[in-house]
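Each remark here refers to the structure printed beneath this line.
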Amino acid sequence: MIAQQEINNRVATPPAPDEMPTGAEMLIQALVHEGVDTIFGYPGGAVLHIYDELWRARDRITHYLVRHEQGAVHMAEGYARATGRVGVVLVTSGPGATNAVTGIANAYMDSTPIVVITGQVPKHLIGTDAFQEVDTVGITRPCVKHNYLVREARDLPAIVREAFHLARSGRPGPVVIDIPKDVSAARSNYSRLDHVSFPFSTQLAHVDHDSAREAVRQIVNAKRPVLYVGGGIVNSGAVDSLLSFAELLHLPVTPTLMGLGGFPSSHPLCLGMLGMHGTYAANMAVSESDLLVALGVRFDDRVTGKLATFAPHARVIHVDIDPANIGKNVTPTLALTGDVGQVLNQFLSILEQQSEERLGLWWDQIRRWQLSQPLRFSGSQSQIKPQTVIRELHRLTNGQALVTTDVGQHQMWVAQFYPFIRPRQLITSGGLGTMGFGLPAALGAQLALPNQLVVAVVGDGGFQMTNQELATAVQYDLPVKVLIMNNGYLGMVRQWQEMFYDRTYSEVDISVAPDFVKLAEAYGAAGFRVKRPAELREVMEAWLRYEGVAVMDVVVAKEENVFPMVPAGADAREMITQA
Ligand SMILES: Cc1ncc(C[n+]2csc(CCOP(=O)(O)OP(=O)(O)O)c2C)c(N)n1
């Protein structure tokens, strides 16, 4: 209860109007209150009041000046995915906001908690096609968890609080706060943050005991069960519960691209990734399974292929925190809406100790698939094979590097040949498939984890979409290691053209490219190049040893393909295992 004396004081002494805080001040206060100490951004006219205030708060919040707003959002995503904290971005109106949209959509697809603050033209100019005006709320509506157009400065503390809660709660995702310039300038009575009302429940949805019991009964009785696990395992922090549950029942586990590291790839129960470029054994196991237990996944088309023939013999138990994911692509026989870690703990509490001897016939079959079609590739004395590069990277980093990637063939080779052993060890663009994600995401991760070796494995195509962020890396001394898998092509597109368009290589030759060593040096980073297999190890060692930002241009076999491959929209059993 507020003491009567305090109420009297508040009523008696309202601050003089010019002593009231501005919207910009309230924003910064609210961010500090949320524990924000890092912002990625790029200034402009509509956010000048905020930047002015940010300068005064620079002992509490460090702003990282990027070279393109897309980079700022990917850095915030890298920061968020490396730590589980909310990443924060500040950009200006108009082109600042539109440049950020790719990152916002990327965060939405990959359930990454970020808050993006955008400047907007003053309220009285909204709708007049004013200079640098875009409808940010309209443009971002389909790819955010929520967005706000702030109309009154006094609303800012509550909006910031709500935005952070929404970004990190349930299925995490991006939230946009659009602030007109006059709102950041306006003075208003400050509502103290500890008095901001908070209408949201912080309770997680709870799965009822009967459903959990039924799920456990079905799992224990299944003859050919498979656990299909995704990014929800990582977001929920459910890694240990998953490991206990799988080990207790001796269950085969196949992670999605976003789930890699959510279950140790080196574990004997792990079948490797499933889906388009997943392992033969994982895809066959799902195809032949009688019970698919889908944990924190969304049945992406890159996983399911042709829906009509996906896991055709299986009942499906789907556990997900987001009700919108349940039944979206595949109708489960049993749906449990809740936090996957909590649900797994419920399963564990229901289970009695099981013997390790379970599922002998099923495991015999799985081991036969693994032996008949392991991940493989042919070596070469004259050309560097991309798969070898990733194996060597794994060896020289003792499997401990945090790896980010762009999108394309190199991304799939990382997923196949770098066995991730811990959650948040791979940060990649899964849902949107955004070329140019790797380098800025690596910078965000490096900033969050200064003592961690961070390697960005990028394509020669994707790297050229955001390579200007090398300047950001050098400016802030973020010693990331960039590995360019240089095949002179938009490799993944070329592979599809080779396999499905009669080798018509339409507009995929990017051999006219900068000298990546000189480019790195021009930015003040170190540049390395390797062309011959015999030199790979030595150059890679020197690149990894280099203490600052280092780029290694690895010239690889130009027309190597990623296998296995389930053609888009095909049945997983139509998998092409080798050329
Ligand atoms: C922004 C964007 N544009 C286009 C694509 C379509 N696309 C997917 S993979 C790919 C080729 C990528 O080439 P590169 O970066 O050189 O990597 P590689 O496949 O050769 O490893 C393209 C163009 C995309 N994913 N993202």
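Answer with yes or no whether E547 is surrounded by fewer than 14 Cβ atoms within 10 Å (Cβ to Cβ) and charged (D, E, K, R). So that I can check it myself, show each step before the final result.
Numbers: surrounded by fewer than 14 Cβ atoms within 10 Å (Cβ to Cβ): yes; charged (D, E, K, R): yes.
Yes; evaluated as a whole, the condition is true for this residue.
As a summary of the residue check, E560 satisfies the conditions (1) more than 29 Å from K306 (Cα to Cα); (2) touching a Pro at 6+ places or on another chain (Cβ under 9 Å); (3) within 12 Å of the ligand (Cβ to nearest atom) except for the one numbered (1).
Tally up the residues in the stretch 517-527 that are farther than 14 Å from V480 by Cα and either touching a residue at least 12 places away in the same chain (Cβ under 8 Å) or not assigned by TED's automatic domain parsing to the domain that holds V474 (or both), please. Break it down stepwise before answering.
Just the residues of the stretch 517-527 that are farther than 14 Å from V480 by Cα, to begin with: 517-519, 521-522.
Among the residues that remain, those that are also either touching a residue at least 12 places away in the same chain (Cβ under 8 Å) or not assigned by TED's automatic domain parsing to the domain that holds V474 (or both) are: 517, 519.
So the count comes out to 2.
Filtering I104, I114, I159 for residues that are buried (at least 24 other Cβ atoms within 10 Å of the Cβ) and more than 16 Å from the ligand (Cβ to nearest atom) leaves a single hit, I114. Only residues that are open to solvent by less than 10 Å² (accessible area, probe 1.4 Å) and away from the ligand (no atom under 16 Å from the Cβ) were counted in the stretch 406-426, giving 2.
Within the stretch 346-353, is there a residue that is in contact (Cβ under 8 Å) with a residue 60 or more places away in the chain and within 16 Å of the ligand (Cβ to nearest atom)? No, the stretch 346-353 contains no residue that is in contact (Cβ under 8 Å) with a residue 60 or more places away in the chain and within 16 Å of the ligand (Cβ to nearest atom).
Specify the residue that is farthest from the chain's Cα centre (by Cα); the eligible residues are those in the stretch 473-494 that are in a helix (DSSP H, G or I), within 11 Å of the ligand (Cβ to nearest atom) and among the hydrophobic types (A, V, I, L, M, F, W, C).
In the first step, residues of the stretch 473-494 are kept if they are in a helix (DSSP H, G or I); the result is 473-475, 491-494.
Next cut, within 11 Å of the ligand (Cβ to nearest atom) only: 491-494.
Narrowing the set further to residues that are among the hydrophobic types (A, V, I, L, M, F, W, C) leaves 492-493.
Details: M492: 20, V493: 22 Å.
Restricting to residues being in a helix (DSSP H, G or I), within 11 Å of the ligand (Cβ to nearest atom) and among the hydrophobic types (A, V, I, L, M, F, W, C), the top hit is V493.
Tell me, please, whether a residue that is within 16 Å of the ligand (Cβ to nearest atom) and touching an Asp or Glu at 6+ places or on another chain (Cβ under 9 Å) can be found in the stretch 391-405. Checked the stretch 391-405: no residue is within 16 Å of the ligand (Cβ to nearest atom) and touching an Asp or Glu at 6+ places or on another chain (Cβ under 9 Å).
Scanning the stretch 178-197 for residues that are modelled with pLDDT of 95 or more and acidic (D, E), we see that the one that is most open to solvent (accessible area, probe 1.4 Å) is D182. Within the stretch 351-376, the set of residues being within 28 Å of the chain's Cα centre (by Cα) and surrounded by 18 or more Cβ atoms within 10 Å (Cβ to Cβ) comprises just one member, L375.
Summed over the stretch 333-350, the residues that are open to solvent by less than 20 Å² (accessible area, probe 1.4 Å) and either touching a His at 6+ places or on another chain (Cβ under 8 Å) or outside any helix (DSSP H, G or I) (or both) give a count of 2. Listed conditions (1) over 16 Å from K558 (Cα atoms); (2) within 16 Å of the ligand (Cβ to nearest atom) are all met by G527, apart from (2).
Taking the stretch 538-579 as the range and being farther than 15 Å from R302 by Cα and assigned to a loop (DSSP other than H, G, I, E, B) as the test, the residues that pass are Y546, E547, G548, V549, A557, K558, E559, E560, N561, T577, Q578, A579.
Identify the residue in the stretch 429-464 that is polar (S, T, N, Q) and surrounded by fewer than 24 Cβ atoms within 10 Å (Cβ to Cβ) and, among all such residues, is nearest to the ligand (Cβ to nearest atom).
Of the stretch 429-464, the ones polar (S, T, N, Q) are 429, 434, 446, 451-452, 464.
Now drop any that are not surrounded by fewer than 24 Cβ atoms within 10 Å (Cβ to Cβ), which leaves 451-452, 464.
On the way: N451: 29, Q452: 24, Q464: 8 Å.
Result: Q464.
Comparison of G272, G341 shows that the only residue that is out of contact with any strand residue (DSSP E or B) (no Cβ under 8 Å at 6 or more places or on another chain) and over 21 Å from N221 (Cα atoms) is G341.
Test Q373 against the stated conditions and say whether it is more than 16 Å from the ligand (Cβ to nearest atom), within 30 Å of M575 (Cα to Cα) and either in contact (Cβ under 8 Å) with a residue 40 or more places away in the chain or not assigned by TED's automatic domain parsing to the domain that holds S287 (or both). Outline the logic, then answer.
Working: more than 16 Å from the ligand (Cβ to nearest atom): yes; within 30 Å of M575 (Cα to Cα): yes; either in contact (Cβ under 8 Å) with a residue 40 or more places away in the chain or not assigned by TED's automatic domain parsing to the domain that holds S287 (or both): yes.
In short, yes.
Could you check the stretch 377-393 and list, in sequence order, the residues that are surrounded by 11 or more Cβ atoms within 10 Å (Cβ to Cβ) and either of a type outside the set (A, V, I, L, M) or under 18 Å from L274 (Cα atoms) (or both)?
Taking the stretch 377-393 first, the residues surrounded by 11 or more Cβ atoms within 10 Å (Cβ to Cβ) are 377, 380, 383-393.
Scanning the stretch 377-393 gives F377, S380, Q383, K385, P386, Q387, T388, R391, E392.
Of the numbered conditions (1) in contact with a strand residue (DSSP E or B) (Cβ under 7 Å, 6 or more places away or on another chain); (2) more than 13 Å from G119 (Cβ to Cβ), V89 satisfies every one except a single condition; which is it? Unmet condition: (2).
Please enumerate the residues belonging to the stretch 306-332 that are more than 23 Å from S241 (Cα to Cα) and not in a helix (DSSP H, G or I). So that I can check it myself, show each step before the final result.
Going through the stretch 306-332, the residues more than 23 Å from S241 (Cα to Cα) turn out to be 306-314, 324, 327-331.
Matches in the stretch 306-332: K306, F310, A311, P312, H313, A314, G327, K328, N329, V330, T331.
The criterion of at least 1 residues that are β-branched (V, I, T) and in contact with a helix residue (DSSP H, G or I) (Cβ under 7 Å, 6 or more places away or on another chain) is met by the following helices (runs of 4 or more DSSP H) wholly inside the stretch 404-472: 409-417, 460-466. When Y505 is tested against (1) farther than 24 Å from M276 by Cα; (2) within 16 Å of the ligand (Cβ to nearest atom); (3) not in a helix (DSSP H, G or I), exactly one condition is not met: (1).
Would you be able to tell me the number of residues in the stretch 272-295 that are of a type outside the set (V, I, T) and part of a strand (DSSP E or B)?
Here the count works out to 4.
Listed here are the residues, each with its yes/no results for (1) at pLDDT below 95; (2) part of a helix (DSSP H, G or I); (3) open to solvent by 50 Å² or more (accessible area, probe 1.4 Å); (4) touching a Lys or Arg at 6+ places or on another chain (Cβ under 6 Å).
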site: A167; (1), (2), (3), (4): no, yes, no, no
site: R171; (1), (2), (3), (4): no, no, yes, no
site: V176; (1), (2), (3), (4): no, no, no, no
site: P199; (1), (2), (3), (4): yes, no, yes, no
site: L204; (1), (2), (3), (4): yes, no, yes, no
site: S211; (1), (2), (3), (4): no, yes, no, no
site: A215; (1), (2), (3), (4): no, yes, no, no
site: Q218; (1), (2), (3), (4): no, yes, no, no
site: L227; (1), (2), (3), (4): no, no, no, no
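Being open to solvent by 70 Å² or more (accessible area, probe 1.4 Å), outside any helix (DSSP H, G or I) and either touching a residue at least 24 places away in the same chain (Cβ under 8 Å) or on the phi > 0 side of the Ramachandran plot (or both) is the filter here; which residues of the stretch 125-147 pass it? First the steps, then the outcome.
The initial filter retains those residues of the stretch 125-147 that are open to solvent by 70 Å² or more (accessible area, probe 1.4 Å), namely 128-129, 131, 135, 139, 141-142, 145-146.
If we keep only those that are outside any helix (DSSP H, G or I) as well, we get 128-129, 131, 135, 145-146.
Of everything in the stretch 125-147, those that are open to solvent by 70 Å² or more (accessible area, probe 1.4 Å), outside any helix (DSSP H, G or I) and either touching a residue at least 24 places away in the same chain (Cβ under 8 Å) or on the phi > 0 side of the Ramachandran plot (or both) turn out to be D129, F131, K145, H146.
Among all positions in the stretch 86-96, there is at least one residue which is open to solvent by 10 Å² or more (accessible area, probe 1.4 Å), under 13 Å from P174 (Cα atoms) and assigned to a loop (DSSP other than H, G, I, E, B). Scanning the stretch 489-506 for residues that are among the charged types (D, E, K, R) and in contact (Cβ under 8 Å) with a residue 12 or more places away in the chain turns up R494, E498.
The values are calculated or read from the model by the stated rules, or taken from the named source; none is laboratory data. Model, not experiment: these values are computed from the prediction. All Cβ positions, even for glycine, are placed from backbone atoms using ideal geometry, and neighbour counts span all protein chains on display. Please note that ligands, DNA and RNA were not included when accessible areas were found on the heavy atoms of the full protein model with its side chains. Shrake-Rupley method; radii C 1.70, N 1.55, O 1.52, S 1.80 Å.
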